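Have a look at the structure below, then the notes.
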Amino acid sequence: MKKVDRTVRRAQTITPFGVGGVYDFGSESFVAMDTTKWRCREEPDLRLPRLERVLGVEGFRAAPIADNSKFPGATRGGGSTPYYRFPAWLFCPTCRAMYKWGPFKETEGAVPSCSNCGKRHKLVPMRFVAVCGHGHLTDIPWDFWAHLSPNGKPEHRDCKNKRVYFKSWPDRGAGLQSLYVECRNCGAQHDLEQIPKKDSLRRVWKHCPGTQPWQKNDLAAPCDRIPQAVQRGASNAYFPVVESAIDIRAGFEEDESLFDLIRAHPGWTPLLKIKALVDAPDNKFAKTFIDPIVRDEHLESLGVTVEHVWDCLHDSGVADAEVPPVDSCDDELLNDEWSSFLSPPEIMPNAEFMADIAPLDAFGEHLPEKEQPVWKEFRRLIGQVTLARRLRIVRALKGFNRLEPNREMLVSPSLGATTNWLPAVEIYGEGIFVALDPRALETWEKRVPNKVLAAMRHAREKTTLDFLPEATNRFVLLHTLAHLLIRQLCFECGYSSSSISERIYSDEETGMAGLLLYTASSDSEGALGGLVRQGIPENFYGTLKTALFRAAWCSSDPICSEMEKQGSYGLNKSACHACTLVAETSCDHANCLLDRSVLLGTKNTPGVGFFSNFVALMEA
Ligand SMILES: [Zn+2]
Ligand SMILES: [Zn+2]
Ligand SMILES: [Zn+2]
Ligand SMILES: [Zn+2]
Ligand SMILES: [Zn+2]
């Protein structure tokens, strides 16, 4: 028998197929189980101290590699891989017989097939599942649903030998009203018309069963919510919260004896801590770390003196750090990276972070006379371009929500079990970092009328999307610019639309105003040099000009550019699929908070955009 291919790429094990996510493989559908089901013994081996501090963990783990043809639970009761067939309710597309599947029915590497019609047709999963706002996920009990009377007719609750079929009435159109579940034993029928309505499952459950599909009932959490029926692939079935950080460690001198020791004793925690300390750029936790390290009796048995440790720590600046620990947050992650991109450290051969500043001025000098005014305006607006030749990015799954995003009710990847790690993936890549000129930006921010983004700000305040930043002029400017550049790079260089990602550095208080575009792939050392080449001045200058030139007109104009709000939750202004939006996987902000007019001005106020003058000079 030919094995089925259920390949999950490493990067997908965080999103879209992270813990709790439901994912389709061909005609099959699976859910990713919590991390307590991961078979791993050793210490978490994926490290990034800055991200660990922010997330309050001691390390990360990548999803275990396993024979992808085997999952889920091909071996009974869990199997060798962290995936589980869900929904468990399947039906035969030919004879329409329904099956409640389970791990004990799985055959390794095989798709469930129909034993009813004799044709061994592959069974397909039901479209609807039940979720609640506390993050629980359950199969809709279709056998029970069939026996619920729709219109006050007698109920068939006493049917002893339920045999259900998923059928349709051809004369009732194509909607849900034409679909019904029927019991061949007692004749009960119930259609699906009401299924998507709020609280339609109130008659099935008085309250939520409080479980994930792979959990037995004895692990159920008390939950007072009414589960809601959603399509299994719908966006509100799963909201993963992913936190990522760029490794900005600059590398260390190869001949350092302390580091030889670290390499020789990789498992010895104090040494790991020393390494983490030296690697940490801000050393805020130095004080609390150092004492236990120097008191550790193992130091002596390894032939290292306390003085030597102090010397090493001192040389790397750690021992001087007097900064007390502070509350960590996302801003801290972004701030550190912002500083590293602005003044990249000297490139060391073993560094995880390798970047250098693009020589913009050297290039501008050689441009022809008639191009100089445009170039001068470019330099007035663009403060710096940094070529990130090597980037290591760690993306960790912090948790997930269902029904709506809600950081306060995040379900952890271990479902609340105590762990000191989170699932993550490390990816290598390269990128282009662009910082706007702070003076030009400040001048522009004073000049742009408040009403430009008024509708978007209002919509932002009303949403429950708590992962989105405030709709400031600065953020919308940077975010829209990132999108226009991504689209242009894909168009020019043939990058697939999902292969370039964005990271926005925007904060008025700390002065951050930049963006990073990066390509990254897991499972390999991904950097191919292509994107960095697009960042060198002669290419980047052209790319920016073309991107802005193309953005001036959208195929949905004049409608698109005159919109006060559009897109999901009304969180975009002049920005749509035809001109500004990018692939879901490329955007960190759900394709929201975008507006071309912040860059290019509006019809009535053409000069209001950050790049208005640049574009005018370009066209002159
Ligand atoms: Zn069949
Ligand atoms: Zn029945
Ligand atoms: Zn619940
Ligand atoms: Zn548009
Ligand atoms: Zn975006």
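The values are calculated or read from the model by the stated rules, or taken from the named source; none is laboratory data. Only a predicted model underlies this, so the values are computations on that prediction, with no experimental measurement involved. For neighbour counting, all protein chains shown are included, and Cβ atoms are generated from backbone atoms with ideal geometry for every residue, glycine included.
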Criterion (at pLDDT below 95, among the aliphatic types (A, V, I, L, M) and crowded, with 17+ Cβ neighbours inside 10 Å) met by exactly one of Ala590, Ala575, Ala547: Ala590
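Okay, residues lined up against (1) away from ligand 3 (no atom under 16 Å from the Cβ); (2) touching a residue at least 24 places away in the same chain (Cβ under 8 Å); (3) not in a helix (DSSP H, G or I):
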| site | (1), (2), (3) |
| --- | --- |
| His458 | yes, no, no |
| Leu465 | yes, yes, yes |
| Ile486 | yes, yes, no |
| Leu489 | yes, yes, no |
Near pairs, Cβ below 6 angstrom, 6+ apart or cross-chain, from segment 566-582 (assigned by TED's automatic domain parsing to the domain that holds Ala459) to any residue that is of a type in the set (Val, Ile, Thr): Tyr569/Thr463; Val582/Ile486
When residues of segment 1-37 are limited to those that are among the β-branched types (Val, Ile, Thr) and surrounded by fewer than 20 Cβ atoms within 10 Å (Cβ to Cβ), the one modelled with the highest pLDDT: Thr36
Positions within segment 117-151 being within 16 Å of ligand 2 (Cβ to nearest atom) and not hydrophobic (A, V, I, L, M, F, W, C), in sequence order: Pro141, Asp143, His147, Ser149, Pro150
Hits in segment 331-363 (condition: crowded, with 21+ Cβ neighbours inside 10 Å and of a type in the set (Phe, Trp, Tyr)): Trp338, Phe341, Phe353
Which listed residue, of Lys160, Lys167, is part of a strand (DSSP E or B) and over 25 Å from Thr36 (Cα atoms): Lys167
In segment 506-527, residue modelled with the lowest pLDDT [restricted to those that are more than 20 Å from Thr585 (Cβ to Cβ) and of a type outside the set (D, E, K, R)]: Thr510
Hey, Tyr569 more than 16 Å from ligand 2 (Cβ to nearest atom), on the phi > 0 side of the Ramachandran plot and not in a loop (DSSP other than H, G, I, E, B) or not: yes
Failed condition for Trp553, given (1) in a helix (DSSP H, G or I); (2) within 16 Å of ligand 4 (Cβ to nearest atom); (3) surrounded by fewer than 21 Cβ atoms within 10 Å (Cβ to Cβ): (1)
